[in-house]
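The values are calculated or read from the model by the stated rules, or taken from the named source; none is laboratory data. Note that this is a predicted model, so its numbers are computed, not measured. A quick note on method: Cβ atoms are made from the backbone with ideal geometry, for glycine too, and the neighbour counts reach across all protein chains shown.
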Amino acid sequence: MYAATGDYIDGVLDPSNDERNLRSRGYEVIVSGNARDGKWDKKNVPRSDDFGADIHVVTHTNAFGGGCGSSAQYFLAMWRDGAASTGKALAEVFASTVGEAVPGADSSGTDKHYFGGSLGELADPDADYRVYNEVFFHTNEDAVNWMESGRGIGNGVKNGAWRYGLAIDEFLGHPDENPPASASYSTLSGVPGFGRAPGDARRDEAIAVWEAYKREVSVAECMAAAGFDYEPEVGSAARVVIDVVADLKLRDRGVAPTGGAVLSGSPNSPNEALLDALDPARRDGYYQALYGVSESDYTDYARSGIIPEGEGPDYARGGCFGSAKAKIPSVWALRREILPELIDRRRALSTGPEMAGVRAELSACASGHGVDAETMSELQARSADGAPGGRAALKACGDIWREGISLARTKLDNTLAKTVYAARLQRQRSAYDGVLDKIAVDTGFIAYIVAAADEARPRLEAAERLAGIADE
């Protein structure tokens, strides 16, 4: 949570330092609430997928057999087994950047290397980049003391959480997700699935929620054909759904809300009630129809989060769930298809000839504060290390980089949009032509989503009062 919005220095909130969390760096972040109910498959993964997350980060604390007094102590960043091309580099950056603040050794490796089987929350999300962080062992006394150090419980975590933002910035080449007012957005932003300008980003969120609803309708139809009742439960985050209802003025459409409609993971899930009413044999058939595995296999998977040996990343993702996902495309599909190549090109800008003038200007500015740095990576490292003048240089010189990288990125994206990606982007525009008009007259969607937003709102508000940042 603190990684998303925390601005802590030595346990003290310091909002004046806007480089300390993901949202202040300009990233769009969904923080999925952890109710410790084992519903990662119904909350964390669908919220990430429907949000169109480029990076999916799991944060966890570990435990070692034998209870308190364990000597195990290290930070571990894992990538999805078999996905080294998109996960390894990110995990290694987390290990070196975040792990540096955590007591003990820092390591990285595949989930299969450490667990003997792949982890579901690394295998299931659609995000191109995924990392699973075991921050520390809560059965190790030194690690617990670190977490509880400072001015109250959690300050060890608070003081290191800003490193999440630094790690992702480092991995992406400090892309300036929070451009200065003078910056312009590339033509990519106008293509559904690539929205970066505020209005375009909201457009994409609305499309994604609508598509998620259509998949759930498809699941319900498929389950009915198999002889089971099923009610649509969209997995999108409550904050996103509430925003979509407001942005599209869906309450003004004169459509009566659907009674009992909820988002996936709600404690008032009608599907859980329907499932509870089935006898054991019918329950097993329900799971087979919905996910393509038995009830016991799915329950074990949801509880442990580990895909059994010999099974692939699509384990328990078949049945009606899998057929609906294949049938209803995602607005994010093209983005995910080209993102790894696009990110590689963007990362190269930092040290490429396009930024030579910016690097020279940044170096001159930093030198005025006694700091040796010519890239944002070096500048932030000096600030993070506590080097004399480091923080002052970051504040005084940061906009040089922000403006320069924003301009270079826009030029790059515009060039790619007209050349390498032109045909695919045009097909995407055609596929989604008039989509908001279609959403505006989908009375089934409007009835469902307005009711689901109302049902989720009290829990979202409670989470915000408790932590200030959860998005349900």
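For the range 107-124, the set of residues classified as surrounded by 22 or more Cβ atoms within 10 Å (Cβ to Cβ), touching a strand residue (DSSP E or B) at 6+ places or on another chain (Cβ under 8 Å) and assigned to a loop (DSSP other than H, G, I, E, B) consists of Ser118 only. Residue check: Glu100 meets all listed conditions (1) of a type outside the set (Val, Ile, Thr); (2) at pLDDT 90 or above; (3) surrounded by fewer than 19 Cβ atoms within 10 Å (Cβ to Cβ) but one, namely (2).
From the set of residues in the range 364-378 that are farther than 18 Å from Leu407 by Cβ and either buried (at least 19 other Cβ atoms within 10 Å of the Cβ) or of a type in the set (Asp, Glu) (or both), which is nearest to the chain's Cα centre (by Cα)? Restricting to residues being farther than 18 Å from Leu407 by Cβ and either buried (at least 19 other Cβ atoms within 10 Å of the Cβ) or of a type in the set (Asp, Glu) (or both), the top hit is Glu378. Of the candidates Arg215, Arg203, the single residue that is in contact with a Leu (Cβ under 9 Å, 6 or more places away or on another chain), crowded, with 18+ Cβ neighbours inside 10 Å and assigned by TED's automatic domain parsing to the domain that holds Lys438 is Arg203.
Among the residues of the range 179-219, those identified as at pLDDT below 85 and touching a Lys or Arg at 6+ places or on another chain (Cβ under 6 Å) are Pro180, Tyr185.
Remark: pairs (first residue in the range 191-215, hydroxyl-bearing (Ser, Thr, Tyr); second residue at pLDDT 95 or above; Cβ separation under 6 Å; 6+ apart in sequence or on different chains) = Tyr213/Val234; Tyr213/Phe445. Residue-level check: of (1) modelled with pLDDT of 95 or more; (2) surrounded by fewer than 14 Cβ atoms within 10 Å (Cβ to Cβ); (3) not hydrophobic (A, V, I, L, M, F, W, C), Asp344 misses just (1). Checked against the criterion of being among the aromatic types (Phe, Trp, Tyr) and either part of a helix (DSSP H, G or I) or modelled with pLDDT of 85 or more (or both), the candidates Phe171, Phe136 yield just one match: Phe171. The single condition among (1) more than 28 Å from the chain's Cα centre (by Cα); (2) within 21 Å of Val93 (Cα to Cα) that Ala423 does not meet is (2).
Those helices (runs of 4 or more DSSP H) of the range 325-387 in which 3 or more residues are of a type in the set (Asp, Glu) occupy 333-349. Scanning the range 72-106 for residues being part of a helix (DSSP H, G or I) and of a type in the set (Gly, Ala, Ser) gives a total of 9.
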